[in-house]
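Undergrad: Mind looking over this structure? Questions follow.
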Amino acid sequence: MKSILESDSEPPRCFLCGAVQHLEKHHIFGGALRKKSEQFGLTVHLCHVCHNEPPYGVHHNRDTSDGLKRTAQTAAMARFGWSTDDFIRKFGKNYLF
């Protein structure tokens, strides 16, 4: 599924900084939940720096990662009409705290 967080009307940009070059697809819920991220459109484009470079890249910075997870959970609940409990059943945790 296409990202539910990004617009189809514009060329891809880094979801965090707006860069247009060196973009990589990021599955917001990774590991065992990667396929569910793909299934429900919980992916974003990130430039390489925002994606995978310390200290602020999402794979190195818990605050950045958790912020994306909160954004994704909010979007998924609104898009699919899920309650917090519905989200927890699908993704194992509530990120809205």
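Undergrad: Taking the range 53-85 as the search range and keeping residues that are in contact (Cβ under 8 Å) with a residue 60 or more places away in the chain and aliphatic (A, V, I, L, M), which one is most open to solvent (accessible area, probe 1.4 Å)?
TA: It comes out as ALA75.
Undergrad: For the range 1-18, which residues satisfy the criterion of being of a type in the set (Asp, Glu) and open to solvent by 70 Å² or more (accessible area, probe 1.4 Å)?
TA: ASP8, GLU10
Undergrad: Another question about this same structure. Please indicate, with yes or no, whether at least one residue in the range 32-41 is open to solvent by 30 Å² or more (accessible area, probe 1.4 Å), without any contact (Cβ under 8 Å) to a residue 40 or more places away in the chain, in contact with a Pro (Cβ under 7 Å, 6 or more places away or on another chain) and not basic (Lys, Arg).
TA: Looking through the range 32-41, none of the residues is open to solvent by 30 Å² or more (accessible area, probe 1.4 Å), without any contact (Cβ under 8 Å) to a residue 40 or more places away in the chain, in contact with a Pro (Cβ under 7 Å, 6 or more places away or on another chain) and not basic (Lys, Arg).
Undergrad: When you go through LYS25, LYS90 one by one, which is the residue that is in contact (Cβ under 8 Å) with a residue 40 or more places away in the chain and among the charged types (D, E, K, R)? Before the answer, list the steps.
TA: Values: LYS25 fails: in contact (Cβ under 8 Å) with a residue 40 or more places away in the chain.
After applying the criteria, what remains is LYS90.
The values are calculated or read from the model by the stated rules, or taken from the named source; none is laboratory data. Computed from a prediction, not measured in an experiment: that's the story for all the values here. We place every Cβ from the backbone using ideal geometry, glycine too, and count neighbours over all the protein chains shown. Quick note on the areas: whole protein, heavy atoms, side chains included, nothing else; ligands and nucleic acids left out. Shrake-Rupley method; radii C 1.70, N 1.55, O 1.52, S 1.80 Å.
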